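Notes follow once the structure below has been shown.
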Amino acid sequence: MSRSYAIALFAVLATMWGLSFPAISVGLEHLPPLLFAAFRYDTAAVLLLGYAAVATDDWRPAGRNDLEAVVWGGLFLVAGNGLLFIGQQTVPSGVAAILQALVPILTALWALALLGERLSAVGAVGVAVGFLGVGLIVQPDPGNLLAGDTAGRLIVLGQVASVSLGGVLVDRAAPSMERVAMTGWAMLFGGVVLHALSLSAGETAPATAPAALGAVVYLGVFSTALAFVIYFTLLERRGAFEASLVAYLVPLVATVAGVVLLGETVGPLSLAGFLVVFVGFALLKRRALVDLVGVGIS
């Protein structure tokens, strides 16, 4: 893969994922959160499984490891994302996107606990710095954690913890099936879980507004199904570390889109928190960054 092609894919992926946050905010004006999330993953699951059935040979789960990956991915990577939709009812899309930058740091902690990976002293400092950045983003009021949109930010933080855990559990399961197919099955299973949670919460689908339909189509088709095909292409051709760096472009896209399209505001403390989280990530992944710079990103 050429450098220019890789950069183009990075830009497209960052744009697709970045615009998903304001799209969620738009859809939440018309749809209840858990049902909205379920519709997103229903759509993506059909498209990804259809693509996998045509493009791959081993698109069905074939062993216990595949089934474990589907279950863990469905519960934590997909159904856990319902927390993002709940949190964005009060949290600006840019802030919700900024909080996603914590995913690599929490992933390292889950890997430490569940996979027995070791954390160096500098890496531990990176984790601590990352949590300092989260404090700047969430800005909790110790006297009232439910004040303002603090509760919403904590709910989004719960989604970040769920996604991070899901990624580690899927890796531990070591699925043998194609990743696109595994993701499609996980989205199908997670969508069923979200529908069950939506029913138990008493959510009902209102009359469909064009904006709601547009948000579901964008999220399901572009920022989920197509975006994951692009992501797995980058993962295969450029490696896990380089592919993960797109997570630090997404908040920039989401913040600009939220301000321009929705008139949202993101305070300077949230932006400072994002920079602090990135410093923590750089400390945690310093060797990979040094190697990346040493060989060039091309």
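Counting other beta carbons within 10 Å of each Cβ, put 2, 20, 120 in order, fewest first.
Working: 2 8, 20 26, 120 12.
Fewest-to-most Cβ neighbours within 10 Å comes out as 2, 120, 20.
Residue 213: net charge of surrounding residues, Cβ under 13 Å, Lys/Arg +1, Asp/Glu -1, itself excluded? With Lys, Arg at +1 and Asp, Glu at -1, the neighbours total 0.
Calculate, for residue 261 and residue 204, the FRET efficiency according to 1/(1 + (r/R0)^6) with r their C-beta to C-beta distance and R0 35 Å; round to the nearest 0.05. Each step should come with its number before you reach the end.
Values: r = 28 Å, r/R0 = 0.80.
According to the calculation, E is roughly 0.80.
Evaluating 6.51 cos²θ - 1.76 cosθ + 1.60 at θ = phi - 60° for every residue in region 208-225, the Karplus couplings come out as 6, 8, x, 5, 5, 4, x, 5, 5, 5, 4, 5, x, 7, 8, 7, 10, 4 Hz, glycine and proline recorded as x. The P(r) of the chain has a tail past 29 Å containing 33 percent of all C-alpha pairs. Residue by residue, region 32-39 carries 3J(HN,Hα) couplings of x, x, 5, 5, 4, 4, 4, 4 Hz when phi is fed to the Karplus relation 6.51 cos²θ - 1.76 cosθ + 1.60 (θ = phi - 60°); x denotes Gly or Pro. Taking a sphere under 14 Å around the Cβ of residue 196 and counting the other residues whose Cβ falls inside, with K and R at +1 and D and E at -1, yields a net charge of -2.
Given R₀ = 22 Å, FRET efficiency for residue 238-residue 174 by Cβ-Cβ distance, to 0.05? Write down the numbers at each step before the final one.
Numbers: r = 22 Å, r/R0 = 0.98.
For residue 238 and residue 174, the calculated efficiency is 0.55.
Rounded to the nearest angstrom and listed largest first, the equivalent-ellipsoid semi-axes of region 60-198 from its Cα gyration tensor are 28, 21, 10.
Taking the Cβ of residue 91 as the center, what net charge do the other residues with Cβ under 11 Å away carry, scoring Lys and Arg +1 and Asp and Glu -1?
Values: positive: 153; negative: 149, 264.
With Lys, Arg at +1 and Asp, Glu at -1, the net is -1.
Please work out whether region 74-139 counts as rounded, prolate or oblate from its C-alpha gyration tensor, where a ≥ b ≥ c are the square roots of the eigenvalues and a/c under 1.5 means rounded, while otherwise a/b larger than b/c means prolate and anything else oblate? Oblate is the answer for region 74-139, as a/c is 1.5 or above yet b/c matches or exceeds a/b. Rounded to the nearest 20 debye, the dipole magnitude of the chain is 560 debye, with +1 charges on Lys and Arg beta carbons, -1 on Asp and Glu beta carbons, and the Cα centre as origin. One decimal place: the segment residue 131-residue 289 gains 54.9 nm when fully extended, by the rule 0.36 nm per residue minus the C-alpha distance. Distance between the modelled labels on residue 67 and residue 211, one decimal in nanometres: 4.5 nm (7 Å Cα→Cβ projection).
Remark: spin-label model distance residue 7-residue 60 equals 4.5 nm, labels positioned 7 Å along the Cα→Cβ axis.
No lab work stands behind these numbers, since they all come straight from the coordinates. What you are looking at is a predicted structure, and each value in this text was computed from that prediction instead of being measured. Here the Cβ is made from the backbone with ideal geometry for all residues, glycine too, and neighbour counts use every protein chain on show.
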